[in-house]
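Please read the structure below before turning to the comments.
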Amino acid sequence: MTTLPRPSTELSADDARRLALRAQGFIGAPDRRSGVRGLLRHLGAVQLDTISVLARSHELIPYARLGAVSRKTIESAYWTPGPKAAPPAKPHAFEYWSHAACILPIEEWPHFAFRRRAYRNRPHWNHQLPDGTYDQVIKQLQAEGPLTATELGGAKRTSEWWDWSGAKVAVERALMHGEVVCVARRGWKRVYDLAERAIPDTLLHDELDDTECLRRLVRLAGQSLGVGTRADIADYHRLKGEQVDAVIADSGLVPVTVEGWGKPAWADPAALETPPRGRHRTTLLSPFDSLIWERARTERIFGFTHRLEAYVPKPKRVYGYFAMPVLAGGRLVGRVDPARDGRTLVAKQVTLDGPKAVPAIAQALAEAASWVDCTDVRVERVDAPELREPLARELTRILA
């Protein structure tokens with residue numbers, strides 16, 4: 001590991017928390033001029049997930065920061081070229097493997113060359129690929145334009161989720177290798193196109209070596225986090241610790257010490273120049289929000305244990321299937337496990353961090369209900385029963 005300079009800046013735990021909140025877009029007035037596309041560039045990656053309760057996670061991310069942006073507007077901002085785009089129009093984003101399956105700004109295509117090379121050089125995964133299928137998929141995309149796996153010949157051989165067809169295996173392999181790009185989601189199915197058609201000519205290359213790619217992604221992670229440890233920075237785009245070690249000295253991030261962290265940390269120097277100021281967002285967070293991606297970081301910054309329980313057997317769940325943390329005043333003040341019943345938002349289970357959290361959780365529920373066109377909110381269970389009635393009263397007041 002490269003020898004690093006000694007930290008010249010000491011941050012309090014609150015300083016670090018506020019830097020993280022501002023870097024993630026939760027402090028200050030949102031930049032509505034740049035909208036969802038600007039937010040995507042600011043965050044560097046927006047995670048996708050199949051679960052849809054109030055909305056899908058990639059829709060919840062802009063909502064949490066920008067407020068009630070329509071879901072149609074969000075989808076269009078990710079995938080639809082602008083009206084002034086010269087033909088052939090190119091997308092503003094692409095989907096690839098970053099923190100997980102993520103929507104990424106189109107300008108970051110060259111910086112994932114290291115990962116495309118790694119996929120090309122790795123042994124083939126367990127899915128078998130019949131002879132000639134890969135070439136056939138490429139030829140079909142060349143001839144017919146953007147297609148889903150179903151349109152390429154079927155996504156599955158049987159009803160089992162893991163039993164992919166040859167066409168699905170081939171097109172996913174082509175996606176990982178970079179010959180094919182996911183340019184949209186249609187009914188939650190990936191829409192594939194040839195990279196040569198979808199990626200702007202100036203970006204369509206793998207010329208950057210691994211070091212340059214990693215340096216860029218480490219810098220972007222640091223900017224998107226505000227301040228983070230080695231593990232925080234590595235986790236943002238799922239890099240290896242040694243990959244971070246190799247480039248962090250030249251990444252532009254600066255070493256700092258943070259009260260109570262007990263580990264070396266790095267910060268975005270631009271973030272250190274101006275103290276974070278402005279209005280705090282009050283909102284429900286997707287469990288897949290990049291503010292809370294890394295559990296150890298979430299506990300370190302917010303003193304909050306975050307765990308998605310959707311894949312935990314129901315009897316073993318503590319907070320609920322899709323428990324959404326509630327952010328208010330720069331703190332995580334509780335959780336809500338939501339559902340919908342017609343035009344009623346149902347809070348199946350609510351956990352509050354004491355009586356002071358009641359107004360914030362009521363506000364977050366009411367605003368989320370309005371965003372998804374619900375006219376009422378029903379609370380079913382509150383972990384602290386004595387807070388159920390105060391929460392109901394506050395909701396009634398807000399919704400009146």
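The values are calculated or read from the model by the stated rules, or taken from the named source; none is laboratory data. Please read these numbers as outputs of a predicted model, since none were measured by experiment. Using ideal geometry, Cβ is built from the backbone for each residue, glycine included, and neighbour counts are taken over all protein chains shown. With ligands, DNA and RNA removed, areas are computed over all heavy atoms of the protein, side chains included. Shrake-Rupley method; radii C 1.70, N 1.55, O 1.52, S 1.80 Å.
Observations on the structure shown:
- Accessible surface, the range 189-247, averaged per residue in Å² (probe 1.4 Å): 41
- Size of electric dipole in the chain: Cβ of Lys, Arg +1 and of Asp, Glu -1, about Cα centre, debye, nearest 20: 820
- The range 327-373 and the range 4-65 have Cα centres lying 20 Å from one another.
- Rolling a 1.4 Å probe over the heavy atoms of the protein chains gives the range 288-388 an accessible area of 45 Å² per residue.
- Extension gain from Arg120 to Glu273, taking 0.36 nm per residue of separation minus the Cα-Cα distance: 50.9 nm
- Correct option for Rg/Rh (Cα atoms, Kirkwood Rh) [calculated from the coordinates] among [x] 0.95; [y] 1.03; [z] 0.98: [z]
- Environment charge of Ala328, counting only residues whose C-beta is closer than 15 Å and scoring Lys/Arg +1, Asp/Glu -1: +4
- Here the gap between Ala13 and Arg197, fully extended at 0.36 nm per residue and compared with their Cα-Cα distance, gives a gain of 61.5 nm.
- Projecting the Cα atoms of Val382, Leu327, Gln349 onto the dipole axis of the range 275-400, where Lys and Arg carry +1 and Asp and Glu carry -1 at the beta carbon, places Leu327 farthest toward the positive end.
- Helix-only arithmetic for the chain: the sum of -39500 (n - 2.57) across DSSP H runs with n ≥ 4, divided by the residue total, places the mean residue ellipticity at 222 nm at -10500 deg cm²/dmol.
- Centre-to-centre separation between the Cα atoms of the range 212-227 and those of the range 192-210: 21 Å.
- Just the protein heavy atoms count here, and of the accessible area of the range 254-378 at 1.4 Å, carbon and sulfur take up 49 percent.
- For the pair the range 230-256 / the range 296-322, the C-alpha centres are spaced 26 Å from each other.
- Under the Karplus curve 6.51 cos²θ - 1.76 cosθ + 1.60, θ = phi - 60°, whole-Hz ³J(HN,Hα) for the range 132-140, x wherever Gly or Pro sits: x, 5, 4, 4, 5, 5, 4, 5, 5
- Extension gain, Glu75-Arg307: 0.36 nm per intervening residue step, less the Cα-Cα distance, totals 80.8 nm.
- In a reduced charge model with +1 at each Lys and Arg Cβ and -1 at each Asp and Glu Cβ, the range 230-310 shows a dipole moment near 280 debye about its Cα centre.
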